[in-house]
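Working notes, structure below.
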Amino acid sequence: MSLRTSDIVVNHENIKQVVDLLFPRSLYAGFGVRKGSTWKPRMIVVAALLWAVAGTSTLSDRFDIARRIVATIFRWQTPPGKTYQGFLGVLRNWHKKLKQVVIPHLRALMESSLPGQWLVAGFNVFAVDGSRVELARTKSLEKEFSPKRKKKKRKKAKAQQGKCNAKKTRQADRAAQKKQAEAEAKKRNSPQMWLTLLWHVGTGLPWAWRTGPSDSSERAHFQEMLKDELPKNSLITADAGFVGYHLWRDVLDAGHHFVIRVGANVSLIKHLGFARQHAHTVYLWPDAASRKKQPPLVLRLIVINNGKHPVYVVTDLPKSELNDSQAAQIFRARWGIEIFFRTFKQTFGCRKLRSHSSKNANLELDWSMLGLWCICLIGQQELVENDEDPTRQSPAATIKAFQKMISDYRLRPESHDDVIWVQLRVALLDNYKRNGPKTSRSYPVRKKHKAVGSPKITKASKQQIDAAKKLKSQQREIHLTA
């Protein structure tokens, strides 16, 4: 029996239906709560999500709305604490434990309620990428998230110039150096949070993420998430920043696969003879791995024509498991993670976080990501119930519907069409098709992207072929003795 209803009821009753659908009471049955505490685990989760989703400008105003709604929908319990700082303290204490329950539960709901989107070409496909989120310029945030200052080598002093203009030149140089140093210091101390995201391609919903200072390594974040965040036999798709022998070796050792773009920063080998040779067979075997007697990575090179220039991607999967058109489809779908970042930062209003403390900034980002995840998941479930294609969901319309319901939580919808469930069923992208390129617009400043280029592909040398044969025979001997 469905918990939701399209009847016209007060909006806080609709919020209660959403809470019961997403987070049943049984989910928190094993949680112990300190005696006398007014904040219970389920209440904290609901308040944190409402705090993240509400559309008001300040975080304290969002808390006031969230607390009133929680007190209303859990009216049989003792009302929660009234102070914003008290709520943040409770949320910090419970944050890690609640995430360990909420995130796996949302993943299970994705699999059970969106089965048609769960797999792409027979695989659980995830895109990975990173983006920066702006922060307020406070001492706490600058200390935690500003990039670490790198020492620069001093340049050799210039040769002495003519006596008449030497003094003037030195003064001008000092003024220019001071101005440049001030500009660099200001830019260096602009705090930003680096967000690395694993995004489920089939559903278009987040799966896992890591955060750190603005100079964090997205590759290190990704390797951390590889260990325990992905289901078995997953397939990773990424752009040219996620390349390298050790990174790909980690993906394969974890039991996963990949379809990743390669550019001029990757050197591949052909005709090495380590595996059965096909026209598309290439190897990644840097000299450092060869010296350590580590085996070459046997890859398949696929060339995709995007209408402008060829795009080169590699995969570890043979054609029998993933053909070229499926690999191209998966890589093109990777662009959805960029659209999700835009939705999160622009449409959802998280381009710049509002917290002034480093502890609170992490809370704000995590629960904002969870809030967007929850409302988009509920919206897709409604589209499936209404026999609509969930991939056509409009995140902007979904966010708007939820924020209106939260702000008007004490009101009753004027008509059946204003009920949240009806609003979610029509939250669809329009059929607008662009006739001209975006680049025709006259933007005042346009970010310049360095061309990815094509990978360097060379024929294996005699030394490389001999080393590969020797390594292959050694592996065969080890296998036979085992």
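The values are calculated or read from the model by the stated rules, or taken from the named source; none is laboratory data. For clarity, every value in this text was computed on a predicted model and none was experimentally measured. Ideal geometry is used to build each Cβ from the backbone, glycine not excepted, and the neighbour counts take in all protein chains shown.
Just a few scattered comments:
- When the range 118-147 is filtered for residues that are in contact (Cβ under 8 Å) with a residue 40 or more places away in the chain and either farther than 30 Å from residue 237 by Cα or of a type in the set (Phe, Trp, Tyr) (or both), the ones remaining, listed by number, are 118, 123, 126, 136, 137, 138, 140, 141, 142, 143, 144, 145.
- Scan of the range 395-411 for residues that are basic (Lys, Arg) and surrounded by 14 or more Cβ atoms within 10 Å (Cβ to Cβ), ordered by number: 400, 404
- Every residue from the range 232-267 that is over 14 Å from the mean Cα position of the chain (by Cα) and in a strand (DSSP E or B): 234, 235, 257, 258, 259, 260, 261, 267
- Which numbered condition residue 337 misses (of (1) touching a Phe, Trp or Tyr at 6+ places or on another chain (Cβ under 8 Å); (2) under 18 Å from residue 282 (Cα atoms); (3) in a helix (DSSP H, G or I); (4) not acidic (Asp, Glu)): (2)
- Scanning the range 194-231 for residues that are of a type in the set (Asp, Glu) and either in a loop (DSSP other than H, G, I, E, B) or in contact (Cβ under 8 Å) with a residue 24 or more places away in the chain (or both) returns 215, 218, 229.
- Candidates 250, 287, filtered to the one that is surrounded by fewer than 20 Cβ atoms within 10 Å (Cβ to Cβ) and touching a helix residue (DSSP H, G or I) at 6+ places or on another chain (Cβ under 8 Å): 250
- Matching option when the condition is buried (at least 18 other Cβ atoms within 10 Å of the Cβ), assigned by TED's automatic domain parsing to the domain that holds residue 360 and either on the phi > 0 side of the Ramachandran plot or at pLDDT below 95 (or both), among 80, 24: 80
- Residues in the range 58-80 that are polar (S, T, N, Q) and under 11 Å from residue 12 (Cα atoms): 72 only.
- Some residue of the range 323-331 being assigned to a loop (DSSP other than H, G, I, E, B), of a type outside the set (Phe, Trp, Tyr) and touching a residue at least 12 places away in the same chain (Cβ under 8 Å): no
- Residues satisfying the stated conditions in the range 377-399, i.e. assigned to a loop (DSSP other than H, G, I, E, B) and of a type in the set (Gly, Ala, Ser): 394
- In the range 1-21, the qualifying residues are those that are in contact with a Leu (Cβ under 9 Å, 6 or more places away or on another chain) and modelled with pLDDT under 90, and the one that is farthest from residue 93 (Cα to Cα) is 2.
- Cross-chain or 6+ apart pairs with Cβ under 7 Å, the range 405-430 first and part of a loop (DSSP other than H, G, I, E, B), then of a type in the set (A, V, I, L, M, F, W, C) and surrounded by 20 or more Cβ atoms within 10 Å (Cβ to Cβ): 409/15; 409/69; 413/419; 427/401
- Test: residue in the range 434-453 that is at pLDDT 70 or above and closer than 30 Å to residue 291 by Cα: yes
- Filter result for residue 66 (buried (at least 20 other Cβ atoms within 10 Å of the Cβ) and assigned by TED's automatic domain parsing to the domain that holds residue 401): yes
- The single condition among (1) closer than 20 Å to residue 201 by Cα; (2) assigned to a helix (DSSP H, G or I); (3) more than 20 Å from the chain's Cα centre (by Cα) that residue 402 does not satisfy is (1).
- Extreme residue, nearest to the chain's Cα centre (by Cα), among residues of the range 344-370 that are hydroxyl-bearing (Ser, Thr, Tyr) and more than 20 Å from residue 107 (Cα to Cα): 347
- For the range 87-136, residues that are on the phi > 0 side of the Ramachandran plot and either assigned by TED's automatic domain parsing to the domain that holds residue 29 or surrounded by fewer than 16 Cβ atoms within 10 Å (Cβ to Cβ) (or both) total 1.
- Test: residue in the range 340-363 that is part of a helix (DSSP H, G or I), touching a strand residue (DSSP E or B) at 6+ places or on another chain (Cβ under 8 Å) and assigned by TED's automatic domain parsing to the domain that holds residue 84: yes
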